[in-house]
């Protein structure tokens, strides 16, 4: 069993901690937190990140904090080659994304950006469907968003756009993306923080993609729909992690994506294999480049 430290203790940090508690291969050894942390288990409470990057306390770390924290922790962890899982967005600008990727590759680090959709069991099935039906795919639509968060200086695309863009780039990583067009289709006159954005682009110049994402949805949704030229379609609900073909349910995850990422993380640590880390860092760079081009992280 590996000792894992958690950096960050917000609502998501609590979800991560509970998932770790249920996992047979990890033990939550420490938490960096400056407030009350709701967790029914034994751990060391730490005040500073530097205290957590310590092999006498932790074998690895899960960073559930701001993007700027990710960069800080990776730099510290690289000095002792400590494996990490970091939350999205991995960083808040493209320059830092390139620095992070270089550090991971040069130091042979194991660093997993939590691209949730990739670590869902549904991903392999979607990837197989895409690869076997590539010539018959007409278009893709993705609707991903919720009601909030409404942050002051950060465009909501950074909260909601990272996962769907990383999914599409992973599914079609060997193909060309072009004709990007971006527009904001909802922008409340009463509250400028409530925004829904629409991305339109092409894959290989013949597959149309529409991505609608933002923080001004009535209900939370993460839906990918793949339309075929024969009017059939393949749908993935990435909240329930279920797959449908022409309205018929054909798959539901047996384990949570967090459980899956921990499984992969454990295997790569034991095998000292950072190939997946390098692949995911490539995707993280591409997503960050796209997001920053249209919506810089800090909007003033």
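Just a few scattered comments:
- Selection from segment 50-68 of residues that are in contact with a strand residue (DSSP E or B) (Cβ under 6 Å, 6 or more places away or on another chain) and either surrounded by fewer than 22 Cβ atoms within 10 Å (Cβ to Cβ) or not in a helix (DSSP H, G or I) (or both): 57, 58, 59, 60, 61, 62, 63, 65
- Qualifying residue in segment 26-39 (condition: touching a residue at least 24 places away in the same chain (Cβ under 8 Å), in contact with a helix residue (DSSP H, G or I) (Cβ under 8 Å, 6 or more places away or on another chain), in the same structural domain as residue 85 (by TED's automatic domain parsing) and in a helix (DSSP H, G or I)): no
- Residue 250 in contact with a strand residue (DSSP E or B) (Cβ under 6 Å, 6 or more places away or on another chain), part of a strand (DSSP E or B) and either loosely packed, with under 15 Cβ neighbours inside 10 Å or in the same structural domain as residue 107 (by TED's automatic domain parsing) (or both): yes
So that you can scan it fast, the table gives a plain yes or no per residue for (1) in contact (Cβ under 8 Å) with a residue 24 or more places away in the chain; (2) over 22 Å from residue 136 (Cβ atoms):
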residue: 185; (1), (2): yes, yes
residue: 197; (1), (2): yes, yes
residue: 207; (1), (2): yes, no
residue: 214; (1), (2): yes, yes
residue: 220; (1), (2): yes, yes
residue: 234; (1), (2): yes, no
residue: 243; (1), (2): yes, no
residue: 247; (1), (2): no, no
residue: 252; (1), (2): no, yes
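- Annotation note: of 218, 186, the sole residue that is assigned to a strand (DSSP E or B), outside the structural domain of residue 18 (by TED's automatic domain parsing) and modelled with pLDDT under 90 is 186.
- Scanning segment 24-49 for residues that are closer than 16 Å to residue 2 by Cα and modelled with pLDDT under 95 turns up 24, 41, 42, 43, 44.
- Residue match in segment 150-161 (condition: part of a helix (DSSP H, G or I), touching a strand residue (DSSP E or B) at 6+ places or on another chain (Cβ under 6 Å), touching a residue at least 24 places away in the same chain (Cβ under 8 Å) and within 22 Å of residue 197 (Cα to Cα)): yes
- Of all residues in segment 104-125, those satisfying the criterion of being at pLDDT 95 or above, in contact with a helix residue (DSSP H, G or I) (Cβ under 7 Å, 6 or more places away or on another chain) and either part of a helix (DSSP H, G or I) or more than 22 Å from residue 267 (Cα to Cα) (or both) are 104, 105.
- Residues of segment 282-295 include at least one that is in contact with a helix residue (DSSP H, G or I) (Cβ under 6 Å, 6 or more places away or on another chain) and part of a loop (DSSP other than H, G, I, E, B).
- Unique match (being buried (at least 19 other Cβ atoms within 10 Å of the Cβ) and outside any strand (DSSP E or B)) among 243, 258, 211: 258
The values are calculated or read from the model by the stated rules, or taken from the named source; none is laboratory data. What you see is a predicted model; the values in this text were computed from it and never measured. Note that we place each Cβ from the backbone using ideal geometry, even for glycine, and neighbour counts take in every protein chain shown.
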